[in-house]
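Scroll down for the structure; my scribbles are underneath it.
The values are calculated or read from the model by the stated rules, or taken from the named source; none is laboratory data. Not measured: the values here are computed from a predicted model. Cβ atoms come from the backbone with ideal geometry, glycine included; neighbour counts cover every protein chain shown.
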Amino acid sequence: MTSQNFILTLIRKVIFENFNDIDVRFNNDEILNLLKKEEVFDKTITVDDLETQFKKIEDDGLVRCIAQNFTTKWFKLYDIMEKLNCNSCNSDVFLGNDEPRICYNNECGSTL
């Protein structure tokens, strides 16, 4: 799994485990702080370094931006998330209920 896919999976996992409620708002700074608690996460990464991944989860339809203040973006989920396992690459995949059931691992892309 590429570094970008790995970080995207960690972001989705953090959202799934901590903010999996359509009425809860959360921001990219909160996500980063939770990511930094993960042993495998590079602690030197900043919120600006994650801009591409946050844009991707917006474009994928997982979250919507509800407010922004400089680099802090506030989000809400469109729909609750679920954890699936991809049988092809054996990765955990965290998807919103309305997202396509396709593994977002670029090296896989299998239908779930």
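Going residue by residue through region 42-54, is there one that turns out to be outside any helix (DSSP H, G or I) and touching a helix residue (DSSP H, G or I) at 6+ places or on another chain (Cβ under 7 Å)?
Keep residues of region 42-54 that are outside any helix (DSSP H, G or I), which gives 42-47.
With touching a helix residue (DSSP H, G or I) at 6+ places or on another chain (Cβ under 7 Å) added as a condition, the list becomes 47.
So far as region 42-54 goes, yes, one or more of its residues are outside any helix (DSSP H, G or I) and touching a helix residue (DSSP H, G or I) at 6+ places or on another chain (Cβ under 7 Å).
How about region 7-41: which of its residues are β-branched (Val, Ile, Thr), at pLDDT 95 or above and part of a loop (DSSP other than H, G, I, E, B)? Outline the logic, then answer.
If we filter region 7-41 for residues that are β-branched (Val, Ile, Thr), which is where we start, we get 7, 9, 11, 14-15, 22, 24, 31, 40.
Checking the rest, the ones that are also at pLDDT 95 or above come to 11, 14-15, 22, 24, 31.
If the condition is that a residue be β-branched (Val, Ile, Thr), at pLDDT 95 or above and part of a loop (DSSP other than H, G, I, E, B), then Ile22, Val24 are the ones that fit.
For Phe75, indicate whether it is crowded, with 16+ Cβ neighbours inside 10 Å, modelled with pLDDT under 95 and not in a helix (DSSP H, G or I).
On the way: crowded, with 16+ Cβ neighbours inside 10 Å: yes; modelled with pLDDT under 95: no; not in a helix (DSSP H, G or I): yes.
No: the conditions fail for Phe75.
Name the residue that is modelled with the lowest pLDDT, counting only residues in region 93-112 that are in contact with a strand residue (DSSP E or B) (Cβ under 6 Å, 6 or more places away or on another chain) and under 14 Å from Phe6 (Cβ atoms).
Per the stated criteria, the residue is Cys103.
Which numbered condition trips up Thr44, out of (1) in contact (Cβ under 8 Å) with a residue 24 or more places away in the chain; (2) of a type in the set (Val, Ile, Thr); (3) surrounded by fewer than 12 Cβ atoms within 10 Å (Cβ to Cβ)?
(1)
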